[in-house]
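What follows is a short report on a single structure.
The values are calculated or read from the model by the stated rules, or taken from the named source; none is laboratory data. Just so it is clear, the model here is predicted, and its values are computed rather than measured. Methodologically, a virtual Cβ is constructed for each residue, glycine included, from the backbone with ideal geometry; neighbour enumeration extends over all protein chains shown.
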Amino acid sequence: MKRTPSKKSGAEPKDRKEPVPKVHRLDSTNPKLKYIGGSKFDAWNNTIARQATGSIWHGHNPDAERIHERQVASLSLLAGISPNDEFEGMLAAQLLASHNAAMECYRRAMIAEQTLEGRKENLGQANKLSRTHATLLEALNRHRGKGQQKVTVEHVHVHSGGQAIVGNVEGGGVLTKSENQPHALGYAPDETLRSQNAEREAVPVSGNGKR
C-alpha cells in the first residue's frame, strides 16, 4: 500500500501567482494646477486642493450650490496665495484650514443658545487657531524672503568735519549708540567752540589737542 506524501502545513500552492507590483508614474510634463499646490506634479496639486476643500464646514444638510460656492472660494484663496513650491502649497492649505476652523469656533461661540462654558471654550479654541494662523503666515513670508532684514554696522570711519552715527540698522531705521561711543563724533581741525559767556571770545580748538 503506497502512501501519498502529505503536504506541509503552510505551503503555498505552486500555481499561485504573485501580485504584480504597481508602478507609480510621475508626470511633470504639463502641470495645470501648479497655481493651486505649487508643484510641477498635478497629483500633489490635486491632493492639496482636496485637503483644502475638505476643511470646510458646510453645516447640516447643505445644498449643492452652497458647497460649490465655498469650494470655489477655497480654491480661489489658494490661487491668490499662488504657492511657488510644495512647501508653500502645504502652508496655503493650512492657512485656509486654520481660518475655516477659527471662524467656525467664533460662529459657535455666538449662538444664542450657547452656554457660558461653551462660549468660553469656543472662543479659546478660536484664539489658539488665530495664533496658529499668524504663525503659518509668518513661516510663509519667511520662506519667501519677506522677513525683516538686519544690517549691523561694525566699522566706522570719521572724516574731518564729518559726523558718524554708530548703531544697528533694522528695517531701514537706525538705533544710535553715540552716547556710549564718544569716538563717533569727529571735529574738523582748528574748529572754534563758543564759550558759555557770550562776552568772551571764541576759543580755538586744535584738531590734535586734548579734549
*Return yes or no: is Trp44 farther than 19 Å from Pro31 by Cα and touching an Asp or Glu at 6+ places or on another chain (Cβ under 7 Å)?*
no
*Would you be able to say whether some residue in the stretch 73-92 is modelled with pLDDT of 95 or more, under 30 Å from Asn141 (Cβ atoms), acidic (Asp, Glu) and touching a Lys or Arg at 6+ places or on another chain (Cβ under 8 Å)?*
yes
